[in-house]
Each structure stands twice: as structure tokens, then as C-alpha cells.
1. Given axes a ≥ b ≥ c from the Cα gyration tensor, I'd like to know whether the chain is rounded (a/c under 1.5), prolate (a/b larger than b/c) or oblate.
2. Of Val38, Val130, Val143, how do they rank once you tally other Cβ atoms within 10 Å and put the fewest first?
3. Mind running the shape call on segment 181-232? Use the C-alpha gyration tensor, a ≥ b ≥ c as the square roots of the eigenvalues: rounded below 1.5 for a/c, prolate if a/b tops b/c, oblate otherwise.
4. Ignoring everything except DSSP H segments at least 4 long, calculate the 222 nm mean residue ellipticity for the chain; use -39,500 (n - 2.57) per segment, divide by total residues, nearest 500.
5. Could you calculate the FRET efficiency of Arg126 with Ser217 from 1/(1 + (r/R0)^6), where r is the beta carbon distance between them and R0 is 30 Å, rounded to 0.05?
6. Which is farthest toward the positive dipole end of segment 97-228 among Asn200, Pro180, Ser145, measuring Cα position about the Cα centre, with Cβ charges +1 (Lys, Arg) and -1 (Asp, Glu)?
7. How high is the relative contact order of segment 123-229, given as a whole-number percent (alpha carbon pairs under 8 Å, six or more residues apart)?
8. Please arrange Phe138, Phe20 by how many other C-beta atoms lie within 10 Å of their C-beta, fewest to most.
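Readers should treat all values here as calculations from the given coordinates under stated rules, not as data from a laboratory. Because the structure is predicted, anything quoted here is derived from the model rather than measured. When we count neighbours, we look across all protein chains shown, and the Cβ atoms used for this are built from the backbone with ideal geometry, even at glycine.
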Amino acid sequence: MPRNASDVRVGGAVPLEIAFPECTSAPPGSRKPRARIVLGEVAFDSEAISLPVAAARLLGSRLSGGEVSVGSRSELLYEVGRAEESTALERVVSLCSHRDHSRHELDEKLRLDGYPEGCRTAVLDRAAEVSIIDDARFAEAFVRSKTGSGWGERRISRELGRRGIDPSGVDSLRLLSSSPEAEYERALGIVSRRRIPEKNAYAKLVRFLVARGFSPSVSSRAVREVLSADEGE
């Protein structure tokens, strides 16, 4: 039995065991190990209830402290759901206290933590209602931040899409895409601060700008301007 297992009684008769995994971490992008609640003396996977570790800890505390009691499997499942929603909301608040996240990002983090879809939807709906999360606010802040970091419109659009945001609905990004001259000026400013390579300068600098999300045409124009000015000095 895992070292963090704890035993409580359901209805004074049915043994209930919460078994925690030895390791609660997981590689990035992988689902974290889950805790298990086993009813009865013999643990069969088909009879075990799995849940996120944080929810299992909260439920165990509530049961052992007498805050809640359960007399049937249905009552247990209800309390599992309550613990999952409570700890999932705490997770969302904690994440958003450091920086804004998109709904899609938070949903993925909760999924990897082991929270079921229904719980995730309910918690994220509640967080949106009280403005803990706001995709429009997140998108505008993301565009400002990445523009300031020297990203081009294409890369910003791509990264917003990866975060579940439709780039076409972001006002500040539409302004970037509708102003190619401003995009050119930004690319020119960025490449002007780069050291000019001794060999294959044009190709290397164009690749640098394209990798940052500027279009090939804008990148080429900006690099030609910089190289032309350098040759004229």
C-alpha cells in the first residue's frame, strides 16, 4: 500500500481507504498520478474511485475531521465532486495570481492534474463569471507583451491560437496585421540592434526575423535596409 494511505470508515461499516501515489509529479505535458479511493477490503481497479491528489487530501481531511460523513457510494461520489471543484478553483486562483491565463491553458492544466471535464467546465465558468479569467483581457495583454518582446504578427497569432484564442477577434492584433508599415518599422528596429554576421548576413538576419514572426517580405525589406546602411558607412 502506498506510504501516504489513510483509512477512514464510511457509514461505520464499510472500510474506505484513500491511497496516494508515491510520486505526485509528472513530466511536462503528462498527466499527474492520481489518488484512489477503494471501498471494501480488496482493491479491484474496477471498484476504485480515482481523483486528483489535492482533492483526495481535502476529502480525507473532511472525512477524518468529521466535517462530512458518507453512508453510501453515491454520497461518497458527491463529496468527491465537491472536493474536486473546491481544489480545482483554488488551483485556478493560484495560477492567475501570478499572471493571466487563457481558459484553454487553465483547462489543460486542470486536465493534466486529473480533474474530469464536468468539473473543469463548472470551475472555469465560475472563474469567468467573477473575472478571474477573461480571454479578451488575456489576449490584449499577450499582444502587448509579445510586441514589446520583438515578436512579429505571425508568431503572436500562432501562439494565441495555441492558447485557444482566435487571433481574428483580437483588436490589437488586427491593428498589427492592418499596418504593414508599422510591422516593417518594428522589424527594422529589431534587426538594427543585431550584430551583422560576417558571412551570409542577409540569409541569417532574414531567418532571425522570420523566426520571430515577421513575414518573409517584411523581413527581407528590413534586412536589406540595414545592410545597405551598413555598406554606406
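1. prolate
2. Val130, Val38, Val143
3. oblate
4. Value at 222 nm, helices only: -18500 deg cm²/dmol.
5. Given R0 = 30 Å and the Cβ-Cβ separation, E is 0.05.
6. Asn200
7. 28 percent
8. Final ranking by Cβ density, sparse to dense: Phe20, Phe138.
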